[in-house]
Amino acid sequence: MRILFLSSEVAPYSKTGGLGDVSGTLPGVLAERGHEVVVLTPRYATVPKEGLSLRGTLWLHFPFGAQWAEIWETRAGNLRTLFVHQPAYFERAGFYAEGGVEYADNHRRFAFFSMAALSAAQMLGLCPQVVHLNEWQTCLAALALKRGYESTQLGQAKTLLTIHNLAYQGIFPSWAVEELGLPWELFSPDGFEFWGQMSFLKTGLVFADALSTVSRRYAQEIQTAEYGFGLDGILRKRSNVLRGILNGIDSKLWNPAEDTFLPARYSKEDLSGKEACSQALLKRFELSSAPKRPPIFGMVGRMVEQKGIDLVLGAIPKLVEAGARMVIVGTGEQRYEQAFRELAGRFPKQVGVFIGFDENLSHNVEAGSDFFMMPSKFEPCGLNQLYSLRYGAIPVVRAVGGLEDSVVDASGEGVVDEVSTGIKFHEFSLEAFEAALRRALGLFEKPKVLLAMRKRAMGLDFSWDCAAKEYEALYESLLEAAP
Ligand code: ADP
């Protein structure tokens, strides 16, 4: 199949979270499986031009702002990655925001990106059968293919929109309709209007041929008022074309047996290297390991409400009291960053905090931790718990979204079962999270049971092959569907 894949983040070029990981891996896996895949993404300041070749310059007709873009390319086998280069929009210090403040022209930036991507596909004579869109940043392409490109070959492509996180919708004041030259007749509840504003994501939900999200459970959750962020109605309406496909992980990059970021490597057959990683992590954060090796609880992620940061902050004093160590890596809302810094100051020998984005450290936290905390309010898929399973850091998770789909709870105190891989709790409350952490501490006192669970977790296969096959089947069903 010929697939055009649009994403505002593609690792290793750009990444703020799971979207970057997915877009950096899935297209390559599909290409390896014999498909012709072209990825389109902005050329941010993080993407050097060295190694890229210039494929041409486009002229776009926007009522406002920049009108041209250069298209740069790199190839690896069947996979082509095209970068949309427009310095005024994309060569900035951040991808979407700076100093915690969203760029005021994000509507223009990503409308521009979507239009430039389609225009680049035409200029290069690409004839995709499927255009795979990701998140609100690419949603205007779904509309443009149906209104504007409909009489071209490109307009015959089927569109799939993957929702990676429904909390991010790209909502702008109604004047964005004028500024972007969009048709006013679509500014209605059946079109892209969302309570008097213009919604990019809703545009995609209405105009894409098919929708998917990143776990089965999340596909159900977003059809409810509790998790639907006001879009549950339209998602219920389109539930016949909505699928949930659990993300995979890059199992070459995230493999404790070959991970060059780690001070020692290990596998489920020989876990001695994991202990070396734990010791190194304690040392790196200058945490005490006296009187005996303490249980280590890790966390890596965006410091936003979604991730249950309030619960983690609330639980730390009790964990300290229980003799545990915590290593927290992340960046996000300033109030959270500040609160973690304060806790590290209060408990310098028990709590290690790194505020910032550090790929190397994220691997070391997974490897060095005994337990990994993800008490999320909601979690579309979550990749960190998949990395944790692979690295033998038992995930302590709230039973939502992809966490529910990927972790098997150790029910009961003894955990003498053959299937459990983690610890789950249900209610979003400090009490429930603390009870789960107590179960983790109890497990740490039973090294044999813990070891068996670790090995089981490490033996699971969350590689992309499985997910890639599901995407293939979805693309195929789209091509077979009546126009
Ligand atoms: P989300 O997409 O909601 O941010 P995921 O768990 O799906 O959450 O993916 C997060 C990805 O981003 C993981 O690869 C994680 O390791 C990485 N990540 C998040 N914050 C940091 C950080 N501060 N440093 C390094 N990696 C990070």
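Residues in region 440-476 that are touching a residue at least 60 places away in the same chain (Cβ under 8 Å) and of a type in the set (Gly, Ala, Ser): Ala440, Ala457, Gly459, Ser463, Ala467, Ala468.
Of note, Thr74 satisfies the criterion of being surrounded by fewer than 21 Cβ atoms within 10 Å (Cβ to Cβ) and either in a strand (DSSP E or B) or of a type outside the set (Asp, Glu) (or both).
Every test in (1) surrounded by fewer than 21 Cβ atoms within 10 Å (Cβ to Cβ); (2) within 16 Å of the ligand (Cβ to nearest atom); (3) touching a residue at least 40 places away in the same chain (Cβ under 8 Å); (4) under 23 Å from Phe462 (Cα atoms) is passed by Gly100 save one, and that test is (4). When only residues in region 311-336 that are more than 16 Å from the ligand (Cβ to nearest atom) and open to solvent by 40 Å² or more (accessible area, probe 1.4 Å) count, which is nearest to the chain's Cα centre (by Cα)? Applying the filter and picking the extreme gives Arg335. Taking the criterion of being more than 14 Å from Cys139 (Cα to Cα) and either touching a Pro at 6+ places or on another chain (Cβ under 7 Å) or assigned to a helix (DSSP H, G or I) (or both), the residues of region 1-22 that qualify are Arg2, Ile3, Gly18, Leu19, Gly20, Asp21, Val22. Applying a threshold of 6 Å to beta carbon distances and a minimum spacing of six or more residues, or different chains, the list of pairs starting in region 320-334 at a residue that is closer than 14 Å to Phe285 by Cβ and ending at one that is open to solvent by 50 Å² or more (accessible area, probe 1.4 Å) and within 16 Å of the ligand (Cβ to nearest atom) reads Val329/Phe354. Quick one: is Val29 touching a residue at least 60 places away in the same chain (Cβ under 8 Å), within 30 Å of Tyr387 (Cα to Cα), within 25 Å of the chain's Cα centre (by Cα) and surrounded by 14 or more Cβ atoms within 10 Å (Cβ to Cβ)? Taking the combined requirement at face value, the residue satisfies it.
From the list Ser411, Ser420, the one residue that fits, being more than 24 Å from the chain's Cα centre (by Cα), crowded, with 17+ Cβ neighbours inside 10 Å and part of a loop (DSSP other than H, G, I, E, B), is Ser420.
In region 256-284, the residues that are among the aromatic types (Phe, Trp, Tyr) form Cβ pairs under 6 Å with partners that are assigned to a loop (DSSP other than H, G, I, E, B), at six or more places apart or across chains, as follows: Tyr266/Pro256. Evaluate the following for Glu50: is it over 23 Å from the mean Cα position of the chain (by Cα), over 30 Å from Glu178 (Cα atoms) and without any contact (Cβ under 8 Å) to a residue 12 or more places away in the chain? So Glu50 fits the description; yes.
Results for (1) over 20 Å from Phe433 (Cα atoms); (2) more than 10 Å from the ligand (Cβ to nearest atom); (3) open to solvent by 10 Å² or more (accessible area, probe 1.4 Å), shown as yes or no for each residue.
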site	(1), (2), (3)
Gly356	yes, no, yes
Glu359	yes, no, yes
Ser362	yes, no, yes
Met373	no, yes, no
Arg390	yes, yes, yes
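Is one or more of the residues making up region 426-444 within 16 Å of the ligand (Cβ to nearest atom), not in a helix (DSSP H, G or I) and not charged (D, E, K, R)? The answer is no; no qualifying residue exists. Restricting attention to region 292-310 and to residues that are under 16 Å from Ser278 (Cβ atoms) and open to solvent by 30 Å² or more (accessible area, probe 1.4 Å), the residue that is farthest from the ligand (Cβ to nearest atom) turns out to be Lys292.
The values are calculated or read from the model by the stated rules, or taken from the named source; none is laboratory data. Remember, it's a predicted structure, so these values are computed and weren't measured experimentally. Please note: Cβ atoms are built from the backbone with ideal geometry, for glycine as well, and neighbour counts cover all protein chains shown. Accessible surface areas use protein heavy atoms only, side chains included; no ligands, DNA or RNA. Shrake-Rupley method; radii C 1.70, N 1.55, O 1.52, S 1.80 Å.
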